[in-house]
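The structure under discussion appears below in the form of structure tokens.
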């Protein structure tokens, strides 16, 4: 159900508030470019600096504006299980199609603690849940055996977004879990390698900028046409890398600003790019003949 080219959607701000006018345009942009799902209030959506009220309002707003024309996956993870349950319950109530739930961060729980965290959420809220494994931010990695245990015990835990360069881990996950569990790439430059091993798509940062090309790459890979998928991978590779020249989502939101899609506004502790890195980013956008309107 959840496969293909999904966008890790930015959350636009203006004058310190969520910019819903720009958010409207972003939703329509992705519908028009046939993106498979909107992933809202994730890492790229700056969920860490949204208030609880803003977080829930953004999820509800996107679901209503999407109106069933595109799937909506709500970021509902937290490092406290009761907070994750609250966000997940709200996402189900307002009509999200699924939730993306990050491995608890900062606490550094044991594997047993991680298992109990996700099982408690899954038992409490009957909505498809995609686990989000990103050890570079959480400080702990969920073991493949823990994911296998959760998938076996919780029918609504349906997939895992993997932000890791460890391809042996991807092989192990797919070998353990088979086709009934969906592995998704969480890193654009690793999407094709993961899909060659059996992953079913990507939750993409670059999709904010070039959604049609990312979708074409993913669709070719899903159809088994890895020659054409590889051509697009190498075509997009410079974009994939420049969007992580500084901490995500600073470069991608700056790129969206340059393309006239939103304001260049962040919330501390995130801040604007170094000028030399911003120049590199703008030059890369121009190489792709993207319509740069601000620099």
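Multiplying the residue separation of residue 14 and residue 80 by 0.36 nm and removing their Cα-Cα distance gives an extension gain of 20.8 nm. Taking a ≥ b ≥ c as the square roots of the Cα gyration tensor eigenvalues, the range 236-294 comes out oblate, since a/c reaches at least 1.5 and a/b does not exceed b/c.
Comparing 172, 265, 162 in a Gaussian network model of the chain where C-alpha atoms under 10 Å apart are linked, the largest mean-square fluctuation is found at 172.
Nearest-5 percent of antiparallel DSSP beta bridges in the chain?
Percentage antiparallel, nearest 5: 5.
Normalising the average separation of contacting C-alpha pairs (under 8 angstrom, six or more residues apart) by the number of residues puts the relative contact order of the chain at 18 percent.
Would you look at the GNM of the chain, springs on alpha carbons closer than 10 Å, and say which of 199, 66, 74 moves the most? It is 66.
Sequence-distant contacts, meaning Cα pairs under 8 Å at least 6 residues apart, place the relative contact order of the range 209-295 at 25 percent. Highest mobility in the GNM of the chain, judged by mean-square fluctuation with C-alpha springs under 10 Å and restricted to 143, 84, 255, is found for 143.
Given the chain, report the % of alpha carbon pairs whose separation exceeds 28 Å.
For the chain, the fraction of Cα-Cα distances above 28 Å is 33 percent.
Overall, the ratio between the Cα radius of gyration of the range 56-211 and 2.2 N^0.38 Å, rounded to two decimals, is 1.00.
Each of 268, 50, 26, 259 was scored by other Cβ atoms within 10 Å of its Cβ. Arranged with the fewest first, they read 268, 259, 50, 26. Counting neighbouring Cβ atoms within 10 Å and putting the fewest first, the residues 177, 239, 270, 9 line up as 270, 177, 239, 9. With each label modelled as a point 7 angstrom along the Cα→C-beta vector, the residue 69-residue 222 pair spans 1.9 nm.
Taking other Cβ atoms within 10 Å as a rough exposure proxy, 22, 160, 47 sort from fewest to most as 22, 47, 160. The largest-to-smallest principal axis extents of the Cα set in the range 160-295 are 46, 33, 21 Å. In this calculation the C-beta distance from residue 112 to residue 292 is compared with R0 = 35 Å, giving a FRET efficiency of 0.10.
Values in this text are rule-based calculations from the coordinates and carry no lab data. Just so we're clear, the structure is a prediction, and the values are computed from it rather than from any experiment. Glycine gets a Cβ as well: all are built from the backbone with ideal geometry, and neighbour counts include every protein chain shown.
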